[in-house]
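A short write-up of the structure that comes next.
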């Protein structure tokens, strides 16, 4: 049975025939590529991923051109680029055309579907472990990474402590390590300053979170003599709005709309 069903009257679409489960029609190219890359999705992974992907509008008679290429091949091409860090134009020739892959990714990114898929999968993992979908506690940390030569000087900085010239990512995860929020700043940004927009975004997306543990003592917690081992904690009510940093939402979405 196809992962996508089509019940429109008079349709000439038959079910099955492609690795992605998309109903077959004359212009749909079924997958014939051997699965040779380590980043290719397995059948078990695809069975979980396919139902949370953006629903093809044309399947319900909403208009638009039907997808020509196997959707699983498009997803595997995106996985290949993320895993290997290559340019779009350097995708191997056995994937769909790079313009097709880039167009699909750009469309899903702008519409918020990339974040939606991530968050739906995170909810599935939390439910599988017997937890509620929305976390009540989180952990925040930062990491400085070297920036490529193509990164503009205006968006990079120097981390004097780690001797790194690049950017710093402030990451918030739940208590089992699943990503909630990422905020990217210049590497020279102090952790306490970068944490403000990250915590503000976290507060907008997850109203259920009331407690955040930092992995290193902040100035406030250090003044009280607390250390990471003594479970120093930060209340979200202390988060301040910071409009100068770019933040990437990692939570609060569903496949239909943003819960934030």
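Applying 1/(1 + (r/R0)^6) with R0 = 35 Å to the Cβ-Cβ distance of residue 207 and residue 111 gives a FRET efficiency near 0.90. Maximal additional length on extending the residue 99-residue 42 stretch stands at 18.1 nm, based on 0.36 nm per residue less the C-alpha distance.
Working ranking of peptides 137-145, 80-88 by packing, defined as the average number of other Cβ atoms within 10 Å per residue, highest first, is 137-145, 80-88. Each residue, residue 165 and residue 65, gets one label point 7 Å from its Cα in the Cβ direction; the gap between the two is 4.5 nm. Between residue 83 and residue 32, the contour length at 0.36 nm per residue exceeds the Cα-Cα span by 16.2 nm.
Stretching the chain fully between residue 145 and residue 121 yields a gain of 6.0 nm (0.36 nm per residue, less the alpha carbon separation).
Taking label points 7 Å from Cα along the Cα-to-Cβ direction, residue 155 and residue 175 give a separation of 3.6 nm.
Computed packing ranks the peptides 157-170, 121-134, 189-202, 40-53 as 189-202, 157-170, 40-53, 121-134, most packed first, by mean other Cβ atoms within 10 Å.
Since every read-out is calculated from the coordinates, none of them should be taken as a lab result. As the structure is a computational prediction, the values presented were derived from the model and not from experiment. Backbone-built Cβ (ideal geometry, glycine too); neighbour counts: all protein chains shown.
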